[in-house]
Amino acid sequence: MKVDLSLAIGGAQGSGVETAGRIAILAFAMKGVEIIGSREYHSNIVGAHSYYHIRIGKNSLRLPFDAIVAMDAESIFTLSRSLRKGGLLICNSETLHTKLEDIPSMSKWLKKRIAEEYGSEVKAEDVLGNFKVLVFELRDILRDLNVLKSKVSISRIVNLIGVSAMLYSFGVDEETIKRAVEKRLSGETNLRAVEIAVEKAKSFRELELPAGNLEGYLMSGNEVVATAKILGALEFISYYPITPATDEALFIEENSDAIAIQAEDEISAIGMALGASMSGLRACVTTSGPGFSLMNEMISFAVQAEIPIVITLWMRASPSTGMATRTSQQDLLHAIFSGHGDTGKIVIASGDHREAFEDTFKAFELAERYQVPVVHLLDKFIASSIVKLDKGIFSMEKRKKIFSDGERYRITESGISPFVPLGSRTMIFSSLEHDEYGFATEDPVMREKMMLKRDRKFRTIAKSLENDSFAIYGDEDAEITVLSFGSTKNAILSAIEDEKDVKFVQLRILSPFPDVSNAISGKVLCIESNLGQLSFLLRTCCRVDAVAKKLNGRPIYENEVREAIRAVKNGEKEVILSGGV
């Protein structure tokens with residue numbers, strides 16, 4: 001049975017939205033459907049609006065929503081603006097009477113936009129539009145459950161009732177809902193809440209999902225990358241806490257024997273990882289944009305001293321602190337050109353969770369083979385999204401570290417020298433220009449030889465990676481070529497499924513930057529979540545006819561890709577994608 005649903009669960013941060021979202025994802029996965037769930041949240045701890053966006057039947061997100069669980073007034077005001085006509089809204093009766101002006105946590109800018117449309121005295125019930133509405137009298141339900149005077153979290157029960165009603169309305173049977181709930185919550189009260197919700201939702205049931213099984217694992221991007229590092233025999237990780245990288249580091253710390261150190265700052269973090277790598281350990285550091293900025297000097301050191309290191313860079317909305325919990329692709333140029341001087345490095349961009357797993361293995365292999373920094377580009381959307389992964393991908397073979405013998409910086413035709421761990425023989429790891437043994441030198445002849453050696457190494461890398469630098473999806477003679485990188489992948493692939501005249505070129509290796517000129521045909525559309533960094537790079541090798549940019553910190557949706565394709569067909573040169581709440 002083919003099903004395609006876009007759903008949202010909204011509420012105050014800290015009220016149980018995370019738990020409700022995880023229950024919904026698990027319940028649908030238990031029915032065997034393809035699923036992706038992504039959480040949007042503010043950078044404050046509690047109180048502000050957050051929501052889970054879930055897509056059933058596809059691995060990319062789309063708008064509008066088909067249903068919303070909005071168990072507070074702010075969620076009604078915020079999410080209903082993206083609910084389709086005839087969509088289902090599940091809410092608490094008391095929230096319907098809440099005035100816009102009485103919601104202190106809501107952004108003043110959103111309040112202003114809503115007030116301009118409905119008036120400043122608008123109540124939540126006034127924005128319901130042409131929706132189907134399932135209203136719960138929650139106070140009565142909570143009283144029947146004996147929750148009001150108990151230690152059970154009222155907000156969590158409220159969210160559980162709403163999400164259970166949504167699950168049942170869209171085809172999940174009561175038994176499966178209860179099994180999903182029991183995986184996250186304990187107690188008879190929670191199961192009784194499910195029963196009440198199901199009884200109320202019976203008249204709203206829209207479809208019946210067939211029996212299925214959860215085959216595989218439900219994992220976030222943070223968990224996928226961390227698992228790949230553990231299975232890849234990681235021995236050392238250092239980090240300074242920063243969203244969204246911290247969850248990856250904590251997962252490794254809790255689930256492996258690798259040495260994990262929380263450093264006092266990002267400079268120390270990469271310094272520690274480089275020291276571990278020089279000593280022969282498989283080492284990495286994980287960070288986000290502001291932390292990566294502080295690592296620039298050490299990145300240059302790694303290039304000069306030819307130290308293998310993997311830097312996992314989780315991009316978020318910037319510049320500066322920007323929006324710490326929102327997604328973006330704004331660190332592309334920063335990653336490629338990081339470090340002062342001629343600092344050749346490898347930059348890999350993953351398009352989804354499976355690629356994130358495979359690219360983590362590849363990053364260590366390349367770093368150790370070529371003794372260079374490898375920057376693994378991901379973003380907050382992948383970090384916080386949950387998908388179902390086949391068990392088979394976790395059987396990748398561990399690779400051993402590559403050690404050899406000889407002068408540490410031997411001048412070779414390929415530019416690649418032997419790697420010998422610190423302390424195993426007489427040598428120096430030097431940030432200064434050096435001779436073949438690592439001794440500092442300012443001799444002009446040796447300086448030239450070493451510069452050309454490092455250049456030959458980068459050319460060797462470029463040659464070895466040229467066949468893996470990008471992937472092509474669709475007809476080679478298509479009328480439109482879409483070019484992009486990273487987490488836009490699945491939204492683009494979903495959007496062009498029925499577009500026979502559109503193909504997609506996904507850039508996988510961004511440094512060394514590939515020549516894609518022979519892969520393009522027709523009009524060229526670049527899609528990216530920044531002001532045009534990829535299109536800037538692409539113009540070195542091919543033309544770019546139009547650029548679609550996402551700038552609001554939300555992921556690119558499937559429907560927005562279709563919008564961009566229509567725009568380029570109509571001759572537009574720039575499209576701003578503004579979807580999301």
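What follows is calculated from the coordinates using simple rules that are stated; it is not laboratory data. These numbers were taken from a predicted model, which means no experiment stands behind them. Ideal geometry is used to build each Cβ from the backbone, glycine not excepted, and the neighbour counts take in all protein chains shown.
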Ordering of 299-306, 444-451 by burial proxy (mean other Cβ atoms within 10 Å per residue, highest first): 299-306, 444-451
q = 0.07, 0.16, 0.19 Å⁻¹, segment 5-204: log10 I(q)/I(0) [Debye, one scatterer per Cα]: -0.18, -1.00, -1.42
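Projected area of segment 210-304, taken from the Cα convex hull and averaged over every viewing direction, in nm²? Walk me through the intermediate numbers first.
Values: hull surface 30.2 nm².
For the Cα atoms of segment 210-304, the hull's average projected area reads 7.6 nm².
Neighbouring Cβ atoms within 10 Å as the yardstick, rank SER256, SER75 fewest first. Before the final figure, lay out each step's value.
Details: SER256 18, SER75 27.
Final ranking by Cβ density, sparse to dense: SER256, SER75.
Over segment 218-395, what relative contact order in percent results from Cα pairs under 8 Å that are six or more residues apart?
Working: 381 pairs, mean separation 48.2, N = 178.
27 percent.
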Distance cut-off 26 Å, percentage of C-alpha pairs in segment 400-522 lying past it: 46
Furthest towards positive pole of dipole, GLN330, SER288, ALA273, structure part segment 243-337, Cβ charges: GLN330
Segment 218-395: equivalent-ellipsoid semi-axes (sqrt of 5 x gyration tensor eigenvalues, Cα, Å): 22, 19, 15
In segment 24-65, the trypsin sites (Lys or Arg not before Pro) that fall in loop regions by DSSP, at most 15 other Cβ within 10 Å: none
Sparsely packed GluC sites (Glu not before Pro) within segment 79-129, loop by DSSP, other Cβ within 10 Å at most 13: GLU121
DSSP bridge orientation in the chain - percent antiparallel, rounded to nearest 5: 35
Order of HIS53, HIS334, HIS340 under a 10 Å beta carbon neighbour criterion, fewest first: HIS340, HIS334, HIS53
For peptides 67-73, 478-484, sequence by mean Cβ density within 10 Å, most packed first: 67-73, 478-484
Overall form of segment 484-579 per C-alpha gyration tensor (a/c, 1.5; a/b vs b/c): rounded
Segment 237-338, dipole about Cα centre (Lys/Arg Cβ +1, Asp/Glu Cβ -1), debye to the nearest 20: 280
Burial ranking of peptide ranges 188-196, 503-511 (average Cβ count within 10 Å, highest at the top): 503-511, 188-196
Sequence-separation-based contact order of segment 403-465, relative, with Cα cut under 8 Å and 6+ spacing, percent: 32
Sequence of CYS91, CYS542 once ranked by neighbouring C-beta atoms within 10 Å, starting from the fewest: CYS542, CYS91
Inverse of mean 1/r across different Cα pairs in the chain, Kirkwood, Å: 25.5
Ellipticity estimate at 222 nm from DSSP helix runs (n ≥ 4, -39,500 (n - 2.57)) divided over the chain, nearest 500: -10500 deg cm²/dmol
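With contacts defined as alpha carbon pairs under 8 Å and 6 or more residues apart, what's the relative contact order of segment 471-577 in percent?
Here the relative contact order equals 28 percent.
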At most 14 other Cβ within 10 Å, DSSP loop - trypsin sites (Lys or Arg not before Pro), segment 533-563: ARG539, ARG543
Gained length - LYS401 relative to LYS112, 0.36 nm times residue gap less alpha-carbon distance: 98.2 nm
Rounded, prolate or oblate (a/c below 1.5 giving rounded, otherwise prolate when a/b exceeds b/c) for segment 403-465 by Cα gyration tensor: oblate
